[in-house]
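Worksheet for the structure shown next.
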């Protein structure tokens with residue numbers, strides 16, 4: 001596949017893969033506590049990518065500061081974002097509410113990117129970001145409820161901050177590191193942090209190795225942590241962080257379509273209209289337009 005075709009297909013593939021995250025959580029969380037689920041995920045991804053690095057002769061970072069920056073990005077993108085989402089869902093926060101709140105990520109990322117990376121944002125892009133947020137609300141409005149466990153709401157707020165700051169940290173400080181060795185460092189760093197947390201706050205006997213759990217864990221390892229995360233980091237290397245962030249507006253509607261197809265969840269005309277608005281919003285918010 002040539003570079004032009006890869007660049008054209010990568011955003012759509014990223015959205016498709018990333019959108020399966022809530023579906024995998026829905027399958028897996030009934031059979032394992034959230035921190036333990038993620039600990040298994042981190043360990044398995046680190047082991048898998050270590051084998052890939054050995055087989056392919058991937059280049060490891062040469063300076064200690066590179067390891068530190070990669071680990072910091074991991075603790076934000078994986079540790080805080082995934083941990084926050086999984087804890088929130090395990091505490092009963094509806095997936096629609098979680099999607100709506102995490103849907104603030106593109107706007108928060110734009111604010112941070114302007115101040116931190118100096119990325120310009122033109123009025124048309126601001127209009128696209130706000131329209132996208134409204135579209136997300138239309139898609140998930142019937143699933144949104146802020147009458148939730150305060151711990152769940154706090155956890156999803158942590159997740160929002162983690163993914164927003166983490167993507168910018170990755171772009172600014174760790175985008176030059178080989179994606180293969182970077183994955184080993186990132187997921188190993190998260191496993192080191194999650195091991196004592198899982199042992200301290202959760203019972204390992206609560207894990208039930210059902211076929212649904214094994215499927216959810218395997219999907220999370222291969223499709224999400226290897227596939228989707230690699231695509232996210234590749235996209236950050238190719239373009240502005242604010243431009244990549246706008247793709248997250250597409251995640252709630254794609255997830256809603258998956259939930260409708262797989263679980264028969266509600267999908268009405270207003271939600272479909274919201275999806276159309278989001279497509280327009282993403283087009284408006286694209287980078288590289290003339291001022």
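A few points about this structure:
- For peptides 34-45, 120-131, sequence by mean Cβ density within 10 Å, most packed first: 34-45, 120-131
- Among 239, 182, 132, the largest mean-square fluctuation in a Gaussian network model of the chain, built with springs joining Cα atoms closer than 10 Å, belongs to 239.
- Taking the average, over residues, of other Cβ atoms within 10 Å as the packing measure, peptides 167-177, 76-86 rank 76-86, 167-177 from highest down.
- Listed values (i) 23.2; (ii) 15.7; (iii) 14.4, entry calculated as mean projected area of the Cα convex hull in nm²: (ii)
- Comparing 158, 226, 65 in a Gaussian network model of the chain (Cα springs below 10 Å), the most mobile by mean-square fluctuation is 65.
- Distance between the stretch 49-118 and the stretch 170-205 - C-alpha centres, whole angstrom: 10 Å
- Residues listed by number, the stretch 205-238, amide nitrogen under 17 Å from residue 149 label point at 7 Å toward C-beta: 206-207
- For a modelled paramagnetic label at residue 178, 7 Å from Cα along Cα-to-Cβ, the residues of the stretch 55-75 in reach, with backbone nitrogen under 18 Å, are 55-71.
- Coordinate range of the alpha-carbon atoms in the stretch 81-171 per principal axis, descending: 38, 28, 15 Å.
- Between 113, 276, 95, the Gaussian network model of the chain with springs among Cα atoms under 10 angstrom shows the greatest mean-square fluctuation at 276.
- Rg to Rh, two decimals, where the stretch 61-134 supplies the alpha carbon set and Rh follows Kirkwood: 1.09
- Residues listed by number, the stretch 230-261, amide nitrogen under 19 Å from residue 52 label point at 7 Å toward C-beta: 230-238
- Across the chain, the relative contact order, built from alpha-carbon pairs under 8 Å that are at least six residues apart, equals 39 percent.
- Each peptide in 259-270, 98-109 receives the mean, over its residues, of other Cβ atoms within 10 Å, and ordering these scores from highest gives 98-109, 259-270.
Read the figures in this text as sums done on the coordinates, not as results from a lab. The shown structure was predicted, so the numbers you read here are calculated from the model rather than taken from an experiment. Please note: Cβ atoms are built from the backbone with ideal geometry, for glycine as well, and neighbour counts cover all protein chains shown.
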